[in-house]
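Enquirer: Just dropping this structure here.
Every read-out reported here was derived from the displayed coordinates using simple, explicitly stated rules and does not represent laboratory data. Small disclaimer: the values here were computed from a predicted structure and weren't measured. All Cβ positions, glycine included, derive from the backbone under ideal geometry; neighbour counts span all protein chains shown.
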Amino acid sequence: MTKLLAACSGCLMVAAVSAVMLSAGAARAQDVDAGKKVFNQCRACHVLDKTTNRVGPHLGGVIGRKAGSVEGFSYSDAMKNSGITWDEESLAKYLKDPKGFIAGNKMAFAGVKKDDDLKNLIAYLKEESDK
């Protein structure tokens, strides 16, 4: 009987851990889906492939990329000389207040003001950068 209870306890633990992992995955997917919608604000100027520049540089592979480094795009001196390598933290600061974070940059965008939208957008950019 003790062995049976121990086996059942182990099964319950596995089930509980699996449920937590599945719900975390669903929450992440929800964030990415919401971020894709927030990205609609960016689509007029940016694409997520790794070759096409528009009014703004392409954003494919943006996570881990040095700011001002996309070949063929004409960056401001402020962006080229910022010394930033894009990660989640620097993107959050920049996308919240582009002119405040890098004074003198050319991006004509007021920023993503809602924190949830910002987090979701970065989750989406991160997922797309991994492709």
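Enquirer: Run the simple label-point estimate for Glu89 and Phe73 please: 7 Å along Cα→C-beta, distance reported in nm.
Expert: Taking the two extended label points, one gets 2.3 nm.
Enquirer: Any chance you could list P(r) for segment 42-131, counting all Cα-Cα pairs in 5 angstrom bins from zero, rounded to whole %?
Expert: Bins of 5 Å from zero give 3, 15, 25, 31, 21, 5, 0 percent of pairs.
Enquirer: Can you tell me which of 77-86, 60-69 comes out highest on packing, and rank the rest after it, using the mean Cβ neighbours within 10 Å?
Expert: Values: 77-86: 14.9, 60-69: 16.9.
Result, highest mean first: 60-69, 77-86.
Enquirer: Net charge near Phe73, counting Lys/Arg +1 and Asp/Glu -1 over other residues with Cβ under 15 Å of its Cβ? Mind showing how you got there, number by number?
Expert: Working: positive: Lys50, Arg54, Arg65, Lys66, Lys80, Lys106; negative: Asp49, Glu71, Asp77.
That works out to +3.
Enquirer: Tally Lys/Arg at +1 and Asp/Glu at -1 over every other residue whose Cβ is under 11 Å from the Cβ of Cys45; what's the total?
Expert: Once all neighbours under 11 Å are counted, the net charge is +3.
Enquirer: Over 22 Å between Cα atoms, which of Lys37/Lys119; Lys36/Lys96; Lys66/Lys99; Lys37/Lys96; Lys37/Lys131; Lys106/Lys131 qualify? Write down the numbers at each step before the final one.
Expert: Values: Lys37/Lys119 12 Å; Lys36/Lys96 17 Å; Lys66/Lys99 18 Å; Lys37/Lys96 16 Å; Lys37/Lys131 18 Å; Lys106/Lys131 27 Å.
In this structure, Lys106/Lys131 lie more than 22 Å apart at Cα.
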